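Read through the structure below, which is laid out as structure tokens, and then see the notes.
The values are calculated or read from the model by the stated rules, or taken from the named source; none is laboratory data. All of these numbers come straight from a predicted model, not from anything done at the bench. Quick reminder, even Gly has a Cβ in these numbers, built from the backbone with ideal geometry, and neighbours come from all protein chains shown.
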Number of protein chains: 2
Amino acid sequence: MTNWESRFSDRAQLMRRSAIREILKLTAQPDVISFAGGLPAPEFFPVERIQEATETVLSERGREALQYSTTEGMPELRQYIANWMGAGEMSISPDNILITSGSQQALDLIAKVLLNDGDTVVVEEPTYLGMLTIWKPYGLHFDAVPTDRDGLIVEELEPLLQRNPKAMYSIPNFQNPQGVTLSHQRREQLVKLLVKYGVPFVEDDPYGEMRYEGEFVPSVLRMEAAYRGSTGIDGSVIYCGTFSKVLTPGLRIGWVAAPDALMEKLVQCKQASDLHTSTINQFVTYEMVRDEAFFRGHIQKLRQEYRARRDLMLKLIEENFPAEVTWTHPEGGLFLMVTLPTSLDAGELLKQAVEQKVAYVPCNDFFIQDGVRNTLRINFSNARPEMIEAGIVRLGNIFKEALVAAPVK
Amino acid sequence: MTNWESRFSDRAQLMRRSAIREILKLTAQPDVISFAGGLPAPEFFPVERIQEATETVLSERGREALQYSTTEGMPELRQYIANWMGAGEMSISPDNILITSGSQQALDLIAKVLLNDGDTVVVEEPTYLGMLTIWKPYGLHFDAVPTDRDGLIVEELEPLLQRNPKAMYSIPNFQNPQGVTLSHQRREQLVKLLVKYGVPFVEDDPYGEMRYEGEFVPSVLRMEAAYRGSTGIDGSVIYCGTFSKVLTPGLRIGWVAAPDALMEKLVQCKQASDLHTSTINQFVTYEMVRDEAFFRGHIQKLRQEYRARRDLMLKLIEENFPAEVTWTHPEGGLFLMVTLPTSLDAGELLKQAVEQKVAYVPCNDFFIQDGVRNTLRINFSNARPEMIEAGIVRLGNIFKEALVAAPVK
């Protein structure tokens, strides 16, 4: 008999199932109101437009769309992304764009190419659990920068960069799990440090288009290039994007934008990982995004609908959560984070919540430091308004009762 | 400025672009007759059936098909694959099937989960270059087993297994690059050794359904289970399959079948690599394969068409290649391997061939030993009959002329 456990690689020993995805399984029953996932609302998926786009692709370029293709991805889609990211202010080459199977794969490729066992990576505190799940098996040490309502506190960053970490990771827009956005002023400070230290900065931007209020802030990529007087991708920023939130996640089309020297290795790594991303899904995505009237209109519609859900959720939280509880006010994205009094444990309360058919994600695993047990992430994009109302009322009651049993000291 | 090269990980230093895919780029001009790729014939892609299947999926289960889904894959597709692989002789649980983004990804996941820097892996000589491209960055040592027209020579295997390698890799059916098939008798010998030593055996089977002559031989997986008196996936064999050859590669739907303990780690690893394989592509694939009349008929059609191309190519090679050249006679698959006299260098002759608008893949990189310069791989599935004729005649002339210049001593 083969003793599998004894044969696992060192990195396999460090792998774990994502805590979130395991919670999602528990909450998959249709009668559970789940604020746990990061799912877009399926009722807004452009199903008919995808049907039309598939027909067009298969009738016009079917054989090409179903064949093996280049690792880098569909040239037209890469050109579209380059123009979209440049937004008239940068002149990005499609050679600096690699299509990936969702932006999750981009994070894995970056780790494979840059990170050795024992390397240090700087992250926000709290940071995105999905990234930690991918990167932890690479045997890394994480240094955390504290955050507030304007994102990571740049003043606290420089001492960490002075230790020459291998890379830095951040979600500047509508961060997961907090929903906070790095302010324009802080981006300016950050960019100076990035140029000074040359540390690779992974800008993960899955939610950037989903802004519901406040002013647009340029990407760190764009601000870093502008600070150097460049209009291309040739600095220290690696940018990860995705169509999962603006179209649908099921197509699994994301991308990574990186400087030439790194791109060459990312392409080699992608080639070895899965040859290339689904050809037809790239063609169908391109067919939809090049239809500017549709794509712009669809994003506008999503912004309206998600803004309404966010507003409803914030109003209901205000009305139903006890006064000892605080929460973030996201200007966009899919999530907000709730902080309970430290006398309460969000993980313990989740058990009660699931019994009452409502779910969220406790945030302790999003923190680098141990023992933060009083925060939780709530998604506001997926549940319909009547479910948001019922779920938040139930959570409010659970928190109130728990506070009676364990009052703030 | 960021000095990227100095920041690459150890494994990135070992990464290379696939030599084959670079040759494919050179031969992408439409006037080149390419026997270099491993491409199915696009004129046989079931474009209309895919169109129908997509319509059905999007109209009946569109929102589900476009949403995030479980890492393991679509339950119905996993059940279908379990039944298909079992073929009435095994009782495979869908829990032992993980859907991957092509079988290339399965190889990468297996490497991530099992292989440490410095580990030894036993392979056939020559072996599949795509596997070497994926696995070499893991810092492995490869031990090679010689092969003949019946596949790997099992007598030569036992001394290598006695050294307790971390894993073994093989394509038993219509091997890439040789096209040879491991005989039934040798599979029986192999299975005894696998049970005796418990070494994980990766059975890569992308071409198994593409048999054009001779008798069906059961998979090593099935024979190993039968030898142990089991009907489930609980031995030392890990099986990799794909729909790329029987449907289309552009959907990127493959799978890996593995015992429980390993499956748990493969799922964790897949989750970290890209969350899950495209939901809609899994749904569309299932919609097609559950239509038994279509799927069986389509495979039958492919067998007929590819058999005709193989037969034509063998006939033309016989008529046009000089007497000093030998080649394999594949019973199925997509490739045959040609051996030139050792006075000729297949890599050098490729330059002349490309000038004359015909291409193949020199096999030196498929060998573990250095310096094998006189073999080449020819694909017979992709080019149309008139192109096969023109291309083989040209190659025959190139080889004849080269032999005049560098005769066999």
**OP:** Restricting attention to region A:125-147, report how many residues are within 18 Å of residue B:111 (Cα to Cα) and small (Gly, Ala, Ser).
**Re:** 1
**OP:** Would you be able to say whether some residue in region B:353-360 is in a strand (DSSP E or B), under 30 Å from residue B:121 (Cα atoms) and under 20 Å from the mean Cα position of the chain (by Cα)?
**Re:** no
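Answer yes or no as to whether residue B:91 is of a type outside the set (A, V, I, L, M, F, W, C) and within 9 Å of another protein chain (Cβ to nearest Cβ).
So residue B:91 fails the test.
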Subject >> One residue from B:213, B:203, B:188 being over 25 Å from residue A:70 (Cβ atoms), of a type outside the set (A, V, I, L, M, F, W, C) and in contact with a Pro (Cβ under 7 Å, 6 or more places away or on another chain) >> reply: B:203
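Quick one: count up the residues across region A:63-99 that are β-branched (Val, Ile, Thr) and out of contact with any helix residue (DSSP H, G or I) (no Cβ under 9 Å at 6 or more places or on another chain). Explain how you work it out, then say what you get.
Start the filter on region A:63-99 by keeping residues that are β-branched (Val, Ile, Thr), which leaves A:70-71, A:81, A:92, A:97, A:99.
Keeping just the survivors that are out of contact with any helix residue (DSSP H, G or I) (no Cβ under 9 Å at 6 or more places or on another chain) gives none.
Of the residues in that region, 0 qualify.
Among the residues of region B:237-249, is any assigned to a helix (DSSP H, G or I) and either out of contact with any His (no Cβ under 6 Å at 6 or more places or on another chain) or not acidic (Asp, Glu) (or both)?
Checked region B:237-249: at least one residue is assigned to a helix (DSSP H, G or I) and either out of contact with any His (no Cβ under 6 Å at 6 or more places or on another chain) or not acidic (Asp, Glu) (or both).
Would you confirm, using the coordinates I've provided, whether residue B:266 is away from every other protein chain (no Cβ under 14 Å) and assigned to a helix (DSSP H, G or I)?
So residue B:266 does not fit the description; no.
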Subject >> strands (runs of 3 or more DSSP E) (entirely within region B:136-216) containing at least 3 residues that are modelled with pLDDT of 95 or more and not charged (D, E, K, R) >> reply: B:141-148, B:167-170
**OP:** State which residue is surrounded by the fewest Cβ atoms within 10 Å (Cβ to Cβ) when the search covers only region A:125-135 and only residues that are part of a helix (DSSP H, G or I) and more than 9 Å from every other protein chain (Cβ to nearest Cβ).
**Re:** A:129
**OP:** Evaluate region B:216-234: report whether one residue or more is within 30 Å of residue A:58 (Cα to Cα) and buried (at least 24 other Cβ atoms within 10 Å of the Cβ).
**Re:** no
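Restricting to region A:272-281, what's the tally of residues that are in contact (Cβ under 8 Å) with a residue 40 or more places away in the chain, part of a helix (DSSP H, G or I) and in contact with an Asp or Glu (Cβ under 9 Å, 6 or more places away or on another chain)?
Our first condition is that a residue be in contact (Cβ under 8 Å) with a residue 40 or more places away in the chain; within region A:272-281, this holds for A:273-280.
Of the ones still in play, those that are also part of a helix (DSSP H, G or I) are A:273-274, A:279-280.
Of the ones still in play, those that are also in contact with an Asp or Glu (Cβ under 9 Å, 6 or more places away or on another chain) are A:273-274, A:279.
The qualifying residues number 3.
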Subject >> Near pairs, Cβ below 9 angstrom, 6+ apart or cross-chain, from region A:198-211 (under 11 Å from residue A:332 (Cβ atoms)) to any residue that is among the acidic types (Asp, Glu) and modelled with pLDDT of 95 or more >> reply: A:211/A:331
Original post:
Residue check: is residue A:53 surrounded by fewer than 24 Cβ atoms within 10 Å (Cβ to Cβ), of a type in the set (Gly, Ala, Ser) and within 12 Å of another protein chain (Cβ to nearest Cβ)?
Top reply: yes
**OP:** Of all residues in region B:1-38, count the ones that are crowded, with 18+ Cβ neighbours inside 10 Å, within 7 Å of chain A (Cβ to nearest Cβ) and of a type in the set (A, V, I, L, M, F, W, C).
**Re:** 4
Original post:
Are any residues in region B:59-88 in contact (Cβ under 8 Å) with a residue 24 or more places away in the chain and within 9 Å of chain A (Cβ to nearest Cβ), and if so, which ones?
Top reply: B:64, B:65, B:66, B:67, B:68, B:69, B:70, B:71
Subject >> Which listed residue is among the aliphatic types (A, V, I, L, M) and in contact with a Ser or Thr (Cβ under 6 Å, 6 or more places away or on another chain), from A:299, A:280, A:253 >> reply: A:253
Original post:
Would you pick out the residues in region A:303-344 that are assigned to a helix (DSSP H, G or I) and surrounded by 19 or more Cβ atoms within 10 Å (Cβ to Cβ)?
Top reply: A:306, A:309, A:310, A:313, A:316, A:317
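Listed residues A:357, A:315; which is in the same structural domain as residue A:41 (by TED's automatic domain parsing) and either of a type in the set (Phe, Trp, Tyr) or farther than 14 Å from residue A:35 by Cα (or both)?
Unique residue meeting the criteria: A:315.
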Original post:
In this structure, is residue A:44 under 23 Å from residue A:210 (Cα atoms), touching an Asp or Glu at 6+ places or on another chain (Cβ under 7 Å) and more than 8 Å from every other protein chain (Cβ to nearest Cβ)?
Top reply: yes
Original post:
If the Cβ limit is 8 Å and pairs must be 6+ apart or interchain, which residue in region A:240-262 that is at the interface with chain B (Cβ under 7 Å from one of its Cβ atoms) and within 16 Å of residue A:205 (Cα to Cα) pairs with which residue that is buried (at least 24 other Cβ atoms within 10 Å of the Cβ) and of a type in the set (D, E, K, R)?
Top reply: A:252/B:274
